[in-house]
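Participant: Below is a structure I'd like to ask you about.
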Amino acid sequence: MPTATINVAAVTAPDQWALGAGTDKVQAVNTPNDEDSSYISSSAIGQIEQYSLLAAPAIPPGSTITDLRTVIRAKKTAGTCRIRALGVLGGVTSWGHITGIITAVYVDYLDSLARPGGGAWTPADLAGLEVGIDQWTNAAARCTTFYLQVDYTPPPSTGDFLLLF
């Protein structure tokens, strides 16, 4: 099953995390992972950083999305810290699961994200989807990488074929 990786394109609203290191908040969280060379940080409960997405890689029309998950590479810098991802589509928000207590070293936290408003994800949904990170506890956190992984099944081939007897 193919997997597409989609980075963020631009900061939207809410825009509540700080740039800790790097050129800007988009560069700070896009791949490749670079640990503390670039990151965003949060230190208060309820702070959300939200992004639009880059155009999806070539997911063929008619494909079936089987899983859409956020990947947040994060660490705590103080306190007991938890974070969660969110998705916004058509003004409706879908909240991811709250992580366990994040560690003092960078770890990837993956979470499947339900389609806001319910139903199955479609490739067309990706054009309007925004994703974000929510600081769930009152502690200090850093995020160095944030992106989507989309697993999909391409549509059945309907091309010409040749039978030889």
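Participant: Test residue 8 against the stated conditions and say whether it is surrounded by 19 or more Cβ atoms within 10 Å (Cβ to Cβ) and farther than 21 Å from residue 138 by Cβ.
Facilitator: On the way: surrounded by 19 or more Cβ atoms within 10 Å (Cβ to Cβ): yes; farther than 21 Å from residue 138 by Cβ: yes.
Taking the combined requirement at face value, the residue satisfies it.
Participant: Quick check on residue 103: is it of a type in the set (S, T, N, Q), surrounded by fewer than 18 Cβ atoms within 10 Å (Cβ to Cβ), under 23 Å from residue 39 (Cβ atoms) and touching a residue at least 12 places away in the same chain (Cβ under 8 Å)?
Facilitator: Details: of a type in the set (S, T, N, Q): yes; surrounded by fewer than 18 Cβ atoms within 10 Å (Cβ to Cβ): yes; under 23 Å from residue 39 (Cβ atoms): yes; touching a residue at least 12 places away in the same chain (Cβ under 8 Å): yes.
Considered against the rule, which asks whether it is of a type in the set (S, T, N, Q), surrounded by fewer than 18 Cβ atoms within 10 Å (Cβ to Cβ), under 23 Å from residue 39 (Cβ atoms) and touching a residue at least 12 places away in the same chain (Cβ under 8 Å), residue 103 comes out as yes.
Participant: Can you work out which of the residues in segment 94-141 that are β-branched (Val, Ile, Thr) and outside any strand (DSSP E or B) is farthest from residue 76 (Cα to Cα)?
Facilitator: 122
Participant: Please work out which residue is modelled with the lowest pLDDT, limiting yourself to segment 36-65 and to residues that are aliphatic (A, V, I, L, M) and closer than 14 Å to residue 131 by Cα. Spell out how you get there, then give the answer.
Facilitator: The initial filter retains those residues of segment 36-65 that are aliphatic (A, V, I, L, M), namely 40, 44-45, 48, 53-56, 58-59, 65.
Then drop every residue that is not closer than 14 Å to residue 131 by Cα, which leaves 48, 53-56.
Working: 48: 97, 53: 96, 54: 93, 55: 85, 56: 73.
The extreme case among them is 56.
Participant: Continuing with this model, one more query. Please go through segment 11-28 and pick out each residue that is buried (at least 18 other Cβ atoms within 10 Å of the Cβ) and assigned to a helix (DSSP H, G or I).
Facilitator: 25, 26, 28
Participant: Still on this model: Looking at segment 47-86, which of its residues are assigned to a loop (DSSP other than H, G, I, E, B) and farther than 14 Å from residue 140 by Cβ?
Facilitator: Hits for segment 47-86 are 54, 55, 56, 57, 58, 59, 60, 61, 62, 63.
Participant: State yes or no: is residue 36 surrounded by fewer than 18 Cβ atoms within 10 Å (Cβ to Cβ) and either of a type in the set (Gly, Ala, Ser) or in contact (Cβ under 8 Å) with a residue 24 or more places away in the chain (or both)?
Facilitator: Yes.
Participant: Moving to a separate point now. Can you go through 141, 114, 127 and tell me which one is touching a residue at least 60 places away in the same chain (Cβ under 8 Å), closer than 23 Å to residue 2 by Cα and small (Gly, Ala, Ser)?
Facilitator: 127
Participant: Follow-up. Is it the case, given these coordinates, that residue 85 is among the aliphatic types (A, V, I, L, M) and over 16 Å from residue 135 (Cα atoms)?
Facilitator: No, not satisfied.
The values are calculated or read from the model by the stated rules, or taken from the named source; none is laboratory data. Not measured: the values here are computed from a predicted model. Note: ideal-geometry Cβ built from the backbone for every residue, glycine included; neighbour counts use all protein chains shown.
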